[in-house]
Amino acid sequence: MQIVGLLIVAMGMAVFAAMLGLTRGAIVSGLSEALLRLFGIGAPAVALATVIFGGLLTLAKWMRPKAGQGRQALGLALLWVASMVLSEAVSPSLAGARWSFGGAMGRALAVAFSGIGGRPLVWLAGLGLAVEGIYLVARLSWRRTLLSLSALAAVVGRWLISALSRVTARYRSKARAPEPELMEQRGAIARVSVAVAAPEAEKPAIASDVEDAEEAGAEANASTEITAVATDTGTAPEPTCEGRQLPPLELLDAPGSDESDEAYEEPEDLSRDIEDTLDALGIPGKVRVVERGPAVTRYGVEPGYLDKESADGLIRRKVRVSRIAAVSDDLALALGAAPIRIEAPIPGKPLVGIEVPNPSRAKVRIREVLESREYQQANFELKIALGEDITGRPYVTALENAPHLLIAGATNSGKSVCISAILTSLLYAYQPEQVRLLLIDPKRVELMRYNGIPHLLGRVEADVEGCIAALRWAGQEMDERYREFARVGVKDIAGYNRSRPEDAKPYPRFVIVIDELSDLMMTAGEEVELAICRLAQKARATGIHLVVATQRPSVDVVTGVIKANFPARIAFHVATNTDSRVILDGPGAESLIGHGDMLFLDPSLKRAVRLQGSYVSEEETRRLVAHWRAQVGTNEMLPVCPWAGLLEARDSAEDDEDDLLIQAEAIARESSSISASYLQRRLKIGYPRAAHLLDRLQKMGVVGDGPSGRPRPVLAHSDDRTDEDDPAAEPGGG
């Protein structure tokens, strides 16, 4: 084979040299003349292709074709054909000519295209073949190109609309210029209109001249309203539902508008490599479906049949799915892509899904999902734009059907961005009278920027005491709603809002977001777990929903009681298979690739769906929060938390317990040993509280350790104690 390859290389080089006039010979001259007549300007490419083919035959023993080279070869072939067609279009062949720029092949293609659509079709066909060839050779993506062009068209369209609006406003202002003596009256009317929150179309803005007044009135928004009122009256107005506007989508970045977006390349088709690898492992199969998503491509493999000998002859048996699932490491090695996740089988299809990461990921901007038909037509009470699925379709879910969401994953896997996407989805679709937020952020990093928005209840809680008080207040609010439901005779929040008394306001839905559960579980595990479990079990009908996130998915943080009440879960990349089982009750999360790649356990589907999460940048969040803050007033004034009374009651209870601790210490120093029942009688308190005081005395070093139910020795006591005060001789000491 190597000798044949060398001969082909030599022949190709000789023919190419003959085309350049560097050599002469009967055979090579005849071949070059025939190629020039047949292919024209494309004849040298045939000679060079012959040289390359011979070289590949020569080096076939040491070289292995790489994935994607077939598409590049096809692209070169299209460029070769395009060169002949365009050459014939530029310089048509003359009748009887020995050869032409396009050759016989280019002449035939040009005549065929010209007969169908005339000379313009020849140019279009040649240019189309050339562009497609360039795309295949350079490995470009039509999808990315179209998205970039659409984003550019949207930017140009918005600029044209804005310019047209300014020109129209300027023309109208000049046509309706008022008299100078009416300017003072117009300014007074403007102040009164703004103070009473006039509609957008009727409120004039305060400006120095008529032209600026008309333009400012056409472009005024809620923040201008509040600034004008604060200037005239000295105080910020109370926000009303009528005066608030939902944020426009222009606050979010369009796809491809950010320089940080990575250039997306269309992934290579690895179907043949997958089939060859499976066949080498003794597992026949054919790739029937290829689904490309923003981060992962899924290849649907149909298992083949194996022939096994038996007493009755050959028996054909289908390959077991478990055999394909067991060779994920071999596939990852053969494809040069890790990690690989195998979905065996794909739900609803007789195929096994092999999910391979793309060489470059497309960033899923949340604006794409919010503008999608799936989100716009979703008829949910709390719709959330999670991202795009493995086929590239937007994925929208309903939080009220979850009804609570658990998010877990390793550091830098996408949890905080997922929480931002959830909050952005709610802030873009609902007024504060519809949805209220209770945010808990023990890390004091991610959620603090949402302080000051009208949806927020109080402020973002970060202290452990405040977090516990907020959860307890949510439990009390849940109980109060259930009592009101019983009085009206309904069973859930939807029925109450339809049948409520005329003088009662509709109940908004509450979304409680906890950014880091592990910190709360380490400091006050019992109280936090009790409050979360109580809300998770009963709060669904009252319209209170939990979104809990943690970066430590261990059994001491995500306890069995908590996990049992969170049917909807999102798993990002984790380190081990054990962590994946804690979140999803099964493997899979350890095979994710991070940076927004998630498995969403949808309660309605009873299975995990792989998604690429929506991306929300910090700048987008800042613009969104600024939009809502501008409709509230000054950002420094935060409302009083509804659970402030619980914090004061907790502080007073702690002060009372400190006083009891001082008394208990004095009693202990009078005795050689002390028990909980003795403290109970002396202080006239309950037994659990007395036992707690005894434990605190042990931590202080006043009393020592002892068996349960027996008196404990006093390590530091006074010399003036009496035997009557010694409780060691009392039977039944706690």
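See the values below:
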{"quantity": "First in the stretch 33-59 and over 16 Å from ALA108 (Cα atoms) and polar (S, T, N, Q), second anywhere and at pLDDT below 75 and in a helix (DSSP H, G or I), Cβ under 8 Å, 6 or more apart", "calculated": "THR58/GLN2; THR58/GLY5"}
{"quantity": "Residues satisfying the stated conditions in the stretch 365-396, i.e. aromatic (Phe, Trp, Tyr) and out of contact with any Asp or Glu (no Cβ under 8 Å at 6 or more places or on another chain)", "calculated": "TYR375"}
{"quantity": "Filter result (touching a residue at least 24 places away in the same chain (Cβ under 8 Å), charged (D, E, K, R) and within 17 Å of ALA421 (Cβ to Cβ)) within the stretch 354-390", "calculated": "ARG361, LYS363, ARG365, ARG367, GLU368, GLU371, LYS383, GLU388, ASP389"}
{"quantity": "Boolean, ALA589 is more than 18 Å from ASP515 (Cβ to Cβ) and surrounded by fewer than 20 Cβ atoms within 10 Å (Cβ to Cβ)", "calculated": "no"}
{"quantity": "Among (1) farther than 18 Å from LEU437 by Cα; (2) at pLDDT below 90 - the single one ARG459 does not satisfy", "calculated": "(1)"}
{"quantity": "Residues that are of a type in the set (Lys, Arg) and assigned to a strand (DSSP E or B), drawn from the stretch 366-408", "calculated": "LYS383"}
{"quantity": "Residue list for the stretch 283-298, filter: in contact (Cβ under 8 Å) with a residue 24 or more places away in the chain and over 25 Å from TYR615 (Cα atoms)", "calculated": "ILE283, PRO284, GLY285, ARG288, VAL289"}
{"quantity": "Residue identified as within 30 Å of PRO553 (Cβ to Cβ) and either part of a loop (DSSP other than H, G, I, E, B) or modelled with pLDDT of 90 or more (or both) among ALA486, ALA470", "calculated": "ALA470"}
{"quantity": "Residue identified as in contact with a His (Cβ under 6 Å, 6 or more places away or on another chain) and under 26 Å from PHE485 (Cβ atoms) among ALA541, ALA531, ALA536", "calculated": "ALA536"}
{"quantity": "Verdict on GLU477 being in the same structural domain as ILE562 (by TED's automatic domain parsing), under 22 Å from LEU399 (Cα atoms) and more than 28 Å from the chain's Cα centre (by Cα)", "calculated": "yes"}
{"quantity": "Residues within the stretch 545-575 that are hydroxyl-bearing (Ser, Thr, Tyr) and either crowded, with 19+ Cβ neighbours inside 10 Å or modelled with pLDDT of 90 or more (or both), tallied", "calculated": "1"}
{"quantity": "Lone unmet requirement of (1) in contact (Cβ under 8 Å) with a residue 60 or more places away in the chain; (2) part of a loop (DSSP other than H, G, I, E, B) for ILE512", "calculated": "(2)"}
{"quantity": "Selection from the stretch 436-462 of residues that are among the hydrophobic types (A, V, I, L, M, F, W, C) and over 18 Å from PRO248 (Cα atoms)", "calculated": "LEU437, LEU438, LEU439, ILE440, VAL445, LEU447, MET448, LEU456, LEU457, VAL460, ALA462"}
{"quantity": "Residue list for the stretch 553-589, restricted to those being among the hydrophobic types (A, V, I, L, M, F, W, C) and in a helix (DSSP H, G or I)", "calculated": "VAL561, ILE562, ALA564, VAL582, ILE583, LEU584, ALA589"}
{"quantity": "Given (1) within 57 Å of the chain's Cα centre (by Cα); (2) at pLDDT 75 or above, index of the condition GLY70 fails", "calculated": "(2)"}
{"quantity": "Some residue of the stretch 523-532 being buried (at least 23 other Cβ atoms within 10 Å of the Cβ) and within 24 Å of the chain's Cα centre (by Cα)", "calculated": "no"}
{"quantity": "Looking only at the stretch 344-362, and only at residues there that are among the aliphatic types (A, V, I, L, M) and not in a loop (DSSP other than H, G, I, E, B), the one that is nearest to ARG323 (Cα to Cα)", "calculated": "VAL352"}
{"quantity": "Selected residue (only one of LEU447, LEU427, LEU423, LEU471 is crowded, with 17+ Cβ neighbours inside 10 Å, more than 24 Å from ARG629 (Cβ to Cβ) and of a type outside the set (Phe, Trp, Tyr))", "calculated": "LEU471"}
{"quantity": "Candidates GLY392, GLY336, GLY387 - the one that is surrounded by fewer than 21 Cβ atoms within 10 Å (Cβ to Cβ) and outside the structural domain of VAL290 (by TED's automatic domain parsing)", "calculated": "GLY392"}
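The values are calculated or read from the model by the stated rules, or taken from the named source; none is laboratory data. Nothing here was measured: the structure is a model prediction, and the numbers come from that model. So basically every Cβ, Gly included, is an ideal-geometry build from the backbone, and we count neighbours across all protein chains shown.
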